Amino acid sequence: MKSVWTKVYQTLSSVKTGISLIILVGVFSAIGTVILQRPTSEPDVLQRNYTPETLAILDRLGLTDIFHAWWFLVLLCLFCLCLIFVSIDRWPNAWKVYAKPVRFATAPFRVGLPQSVKIPVRNPNEALSVAGRVFARFGIKAQSTTQNGESCLFGETQKFSVFAVYIVHMSLLCIFAGYILDGVVGYRGNIAVPEGEVRNTITLRDNKGGESKKVLPFSIRCDSAGMESYADGSPKKWWSKLTLLENGKEAVSKTIIVNDPLTYKGIRLYQASMGQSSTPKTLSFDAAPVKGGDPVRLEVPLNGKAALPDGETLSVLRWVPDYYIQDNEVFNKSDEAENPAVQLGVTNANGEVKKAWILYRQANTTEGQDAPYVFSLKEATWSQYTGLEVSHQPGQFGVWIGVVLMAIGLVIAFYTQHNRVWAMVLDDGQGGKVLWAGGTSNKNRDRFQAKFEQIKAALQQELGGTDANKES
């Protein structure tokens, strides 16, 4: 088991593995932008663009919902593990460079530096002071370190630059972890709420075109909804005044428009559509007394009452937008007002209720039923409904943190560099002394070389010598 773990760790901590995984993530992400994705694409749009055979293959492979497919989430998890292992494997060295830098340049260390200069000096005691002033002139504050009786100046700038790659790694971890969390527990669905009504169940689409229902932890009440139009009649703005109910109490209210959602407990409600509801606000009836007399017109709110001339009240007990009859019972077939039926209730002064049905297309009358009036349905005023997109994406906070960290990491990576310089007075092997100065950078080596050439020129000018390395 130890051997297996070692092999797994070595594989996942390899830069080659990380590059391969990020290429795969990029390729499948690109495919996901080319192939229409469920559930954002309507089923009829998918059917128009792909043949049934092609769509079946794409669905079977999960290519119509790549970003929620189990294999894509596993790929993201593997890449996250690779980032973690790569960072762990290389972190000790980076921390050592940051916290415990090489302050004294020993002979083997000096040989390995890419930039160095040796300048003969007449006054060895002043040489390090001159080097310190020159370093300071170029923004490098140097400190003296003594070892075995020898003194060495050491200075560095922007040492935090060594952490740039780890900030970028952390940003990618946050972004991918957010996407993984959204893919596992996040959801996106739709709901239509008529004016004045309350709903709490949204419709979800799966990656095979099927639908399912999900009950929200709160209820949505649409207090009002409307649309503003341009002069030519095209829609300008949809708006909805929503109230969220939790445990029977109003939790929050807001008038939402497109791109200005209502957010509550991590769930966002977006304005997606608007239309006329199949539920009426009011229904108007002609009421003719059974015992004779002139008929009267009554307008009855769907959830209210209207007074009849003899002191009784008329109310709508049931509104069935698309009815069918089975076993002498009225049932609803759909939410579209294709074949409506209305059950009326007439309540007298004693509280007794007599019920009657109007089956609109079959017989728009209650004649022959047990009611003191003959009612017929004349007109209706319809309420609007608001179409909402409801999404729960708990990983988005991590994604935004990752984006911010990515920006910080890239700025550090591209615009900072860890420069280090050393200076020592050494024997030249001929009874004289030379000032040795060397330096290195963790990146942008050409830029640092140009800067070191300026430092070298300044040292030669201050000390009045030439580069002994070239002379030798």
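All conditions in (1) under 20 Å from Asn444 (Cβ atoms); (2) buried (at least 19 other Cβ atoms within 10 Å of the Cβ); (3) at pLDDT below 95 hold for Glu156, with the sole exception of (3). Among the criteria (1) at pLDDT 90 or above; (2) within 30 Å of Met227 (Cα to Cα); (3) of a type in the set (Gly, Ala, Ser), the one Ala356 does not fulfil is (2). For the residues Trp382, Trp400, the requirement of being surrounded by 13 or more Cβ atoms within 10 Å (Cβ to Cβ) and either assigned to a helix (DSSP H, G or I) or modelled with pLDDT of 90 or more (or both) singles out Trp400.
Restricting the search to segment 108-138, which residues are of a type in the set (A, V, I, L, M, F, W, C) and either outside the structural domain of Cys152 (by TED's automatic domain parsing) or within 18 Å of Gly155 (Cα to Cα) (or both)? Correct list: Phe109, Leu113, Val117, Ala127, Leu128, Val130, Ala131, Val134, Phe135, Ala136, Phe138. If you go through segment 325-348 and keep only what is aliphatic (A, V, I, L, M) and either over 14 Å from Tyr360 (Cβ atoms) or at pLDDT 90 or above (or both), you end up with Ile325, Val330, Ala341, Val342, Leu344, Val346. Among the numbered conditions (1) part of a strand (DSSP E or B); (2) without any contact (Cβ under 8 Å) to a residue 60 or more places away in the chain, the only one that Leu283 does not meet is (2). Do we find that Asp370 is surrounded by fewer than 17 Cβ atoms within 10 Å (Cβ to Cβ), touching a strand residue (DSSP E or B) at 6+ places or on another chain (Cβ under 7 Å), more than 19 Å from Val193 (Cβ to Cβ) and free of Cβ contacts under 8 Å to residues at least 24 places away in the same chain in this structure? Spelling it out, Asp370 is indeed surrounded by fewer than 17 Cβ atoms within 10 Å (Cβ to Cβ), touching a strand residue (DSSP E or B) at 6+ places or on another chain (Cβ under 7 Å), more than 19 Å from Val193 (Cβ to Cβ) and free of Cβ contacts under 8 Å to residues at least 24 places away in the same chain. Being in contact with a Phe, Trp or Tyr (Cβ under 7 Å, 6 or more places away or on another chain), over 20 Å from Arg188 (Cβ atoms) and at pLDDT 90 or above is true of Ile22. Annotation note: of Asp294, Asp310, the sole residue that is farther than 30 Å from Asp182 by Cβ and touching a residue at least 24 places away in the same chain (Cβ under 8 Å) is Asp310.
Kindly check whether there is at least one residue in segment 239-259 that is more than 30 Å from Gly345 (Cβ to Cβ), out of contact with any Phe, Trp or Tyr (no Cβ under 6 Å at 6 or more places or on another chain), in contact (Cβ under 8 Å) with a residue 40 or more places away in the chain and surrounded by 14 or more Cβ atoms within 10 Å (Cβ to Cβ). Yes, the conditions are met somewhere in segment 239-259. Taken together, the criteria exclude Thr347 from residues that are of a type in the set (Val, Ile, Thr) and crowded, with 17+ Cβ neighbours inside 10 Å.
Of the listed requirements (1) under 24 Å from Gly395 (Cβ atoms); (2) free of Cβ contacts under 8 Å to residues at least 60 places away in the same chain; (3) of a type in the set (A, V, I, L, M), Ile267 misses just one: (2). Of Thr381, Thr416, Thr313, all but one fail to be in contact with a strand residue (DSSP E or B) (Cβ under 6 Å, 6 or more places away or on another chain) and more than 22 Å from Ser278 (Cβ to Cβ); the exception is Thr313. Here is the figure for segment 347-366: residues that are part of a strand (DSSP E or B) and of a type in the set (D, E, K, R) total 2. Examine segment 311-324 for a residue that is within 21 Å of Asp286 (Cα to Cα), modelled with pLDDT of 90 or more and among the polar types (S, T, N, Q), and state whether such a residue exists. Yes - at least one qualifying residue is present in segment 311-324. Within segment 315-339, the residues that satisfy the criterion of being in a loop (DSSP other than H, G, I, E, B) and touching a residue at least 24 places away in the same chain (Cβ under 8 Å) are Pro321, Asp335, Glu336, Ala337.
Out of segment 103-129, which residues are surrounded by 15 or more Cβ atoms within 10 Å (Cβ to Cβ) and either more than 16 Å from Leu426 (Cβ to Cβ) or in contact with a helix residue (DSSP H, G or I) (Cβ under 9 Å, 6 or more places away or on another chain) (or both)? Listed by number, the residues that qualify are Arg103, Gln115, Ser116, Val117, Lys118, Ile119, Pro120, Val121, Ala127.
Within segment 424-452, residues that are closer than 19 Å to Asn148 by Cβ sit with their Cβ atoms under 7 Å from residues that are buried (at least 20 other Cβ atoms within 10 Å of the Cβ) and among the charged types (D, E, K, R), at 6+ positions apart or across chains, in these pairs: Val434/Lys118; Trp436/Lys118. Every condition in (1) modelled with pLDDT of 95 or more; (2) assigned by TED's automatic domain parsing to the domain that holds Ser41 holds for Ile167 except the one numbered (2). Put simply, of Leu302, Leu216 the only residue that is closer than 27 Å to His68 by Cβ and not aromatic (Phe, Trp, Tyr) is Leu216.
The values are calculated or read from the model by the stated rules, or taken from the named source; none is laboratory data. The shown structure was predicted, so the numbers you read here are calculated from the model rather than taken from an experiment. Don't worry about glycine lacking a Cβ; one is built from the backbone with ideal geometry, like all the others, and counts go over all protein chains shown.
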